[in-house]
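Okay, structure first, notes after.
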Amino acid sequence: MTNAPLLFDRALLRARLDRAAPGFDAAGFLKARAAEDAVLRLEAILREFPVAVDLGSRNGAFSRALADSDARAKVGLLIETDLSARMLANRAGTRIVADEERLPFGDATIDLLVSTLALHWTNDLVGALIQIRRALKPDGLFVGALFGGATLTELRQALLAAEDEITGGAFPRVSPFADTVDAAGLLQRAGFALPVADKDRVKVRYAHPIALLKDLRAMGETSVLVDRSRKPLGRAVLLRAMEIYQQRFAEPDGRVPATFEIITVTGWAPHERQQKPLRPGSAKMRLADALGSVEQSAGDKAGS
């Protein structure tokens, strides 16, 4: 990896995932949603992928979604990886304990790499994407899903307000996330061709915000920021944060929403057969002719 600043404690992340593994299925609804969306994209692609990797597979949501889809016939060997050995335990198939920051695959060995809701914990996301691009064969496909910037906005606001009110200062308690424009740009920086990014905003409603915290713990998605307070979140701060959450965001029936934004990106490892954008000035028809309009110079003024 590069000399990127350390944002996340990867050892703590592994420990949190190990802890979450036995009960992950009960809170894996976002992982399942992202995996199903990835499979839908594969259904529309008229290609076969002899060797595929699910990077950060957690409970195998992508494998299950793929098994229920016509796209399964397009995928040969599926290798599941995860930072947590406990997440991979007790499942059939080819599985490898692997760090998303240090991929164990050789250059140009993979036809398809899918990663749903795992790469947002990498310290150098561009570096991880470069490794993915190198592992893909020419014209190999990457499909990734990451949490976007609006994720957990309600919780972020409530925690910051409560901690500032009670202690006079606040530490970040929710991880930073990319937005859709950033995600497409990251693919370009990593050398992918034909990058596309779009987002799916999901609102999950809870009877009480404490139920959201329980789900995040069950997902292994609680904060592992390096620049976090080493003091546990005090009871007074937590209770006040839950009050602020309800006061600011409760809906008419008393339930509270939690926003999750899932950004899905696709990109291809470069290949000479791929469509290339036209060079500036290489068009064979003027835009004005194509539109059937009169071309006016920048110095002209209407009505002069």
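The values are calculated or read from the model by the stated rules, or taken from the named source; none is laboratory data. Please read all numbers here as calculations on a predicted model, not as lab measurements. Cβ coordinates were reconstructed from backbone atoms using ideal geometry, including for glycine residues, and neighbour counts include every protein chain displayed. The protein model used for the area step is the full one, side chains on, heavy atoms only, and it has no ligands, DNA or RNA in it. Shrake-Rupley method; radii C 1.70, N 1.55, O 1.52, S 1.80 Å.
Of note:
- Sub-6 Å Cβ pairs linking a first residue in segment 262-274 that is under 16 Å from Gln188 (Cβ atoms) and in contact (Cβ under 8 Å) with a residue 60 or more places away in the chain to a second residue that is acidic (Asp, Glu) and crowded, with 23+ Cβ neighbours inside 10 Å, at least 6 apart or interchain, number zero.
- Segment 201-234, subset more than 26 Å from Asp9 (Cβ to Cβ) and charged (D, E, K, R), residue most open to solvent (accessible area, probe 1.4 Å): Arg201
- Residue within segment 65-78 that is within 19 Å of Val202 (Cβ to Cβ), out of contact with any strand residue (DSSP E or B) (no Cβ under 9 Å at 6 or more places or on another chain) and modelled with pLDDT of 95 or more present: yes
- Residue, farthest from Arg14 (Cα to Cα), within segment 43-61, restricted to residues that are assigned to a loop (DSSP other than H, G, I, E, B) and open to solvent by less than 40 Å² (accessible area, probe 1.4 Å): Ile45
- Residues satisfying the stated conditions in segment 32-73, i.e. among the hydroxyl-bearing types (Ser, Thr, Tyr), closer than 28 Å to Glu101 by Cβ and more than 16 Å from the chain's Cα centre (by Cα): Ser63
- Tabulated pairs, segment 117-138, first buried (at least 23 other Cβ atoms within 10 Å of the Cβ), second aromatic (Phe, Trp, Tyr) and modelled with pLDDT under 95, C-beta under 6 angstrom, 6+ apart or interchain: Trp121/Phe8
- Residue identified as over 23 Å from Val143 (Cα atoms), open to solvent by 90 Å² or more (accessible area, probe 1.4 Å), among the basic types (Lys, Arg) and outside any loop (DSSP other than H, G, I, E, B) among Arg64, Arg19: Arg19
- Any hit, segment 85-101, residues being free of Cβ contacts under 8 Å to residues at least 12 places away in the same chain, within 22 Å of Phe29 (Cβ to Cβ) and either of a type outside the set (D, E, K, R) or surrounded by fewer than 17 Cβ atoms within 10 Å (Cβ to Cβ) (or both): yes
- Residue that is most open to solvent (accessible area, probe 1.4 Å), among those in segment 235-271 that are under 26 Å from the mean Cα position of the chain (by Cα) and over 30 Å from Gly140 (Cα atoms): Phe249
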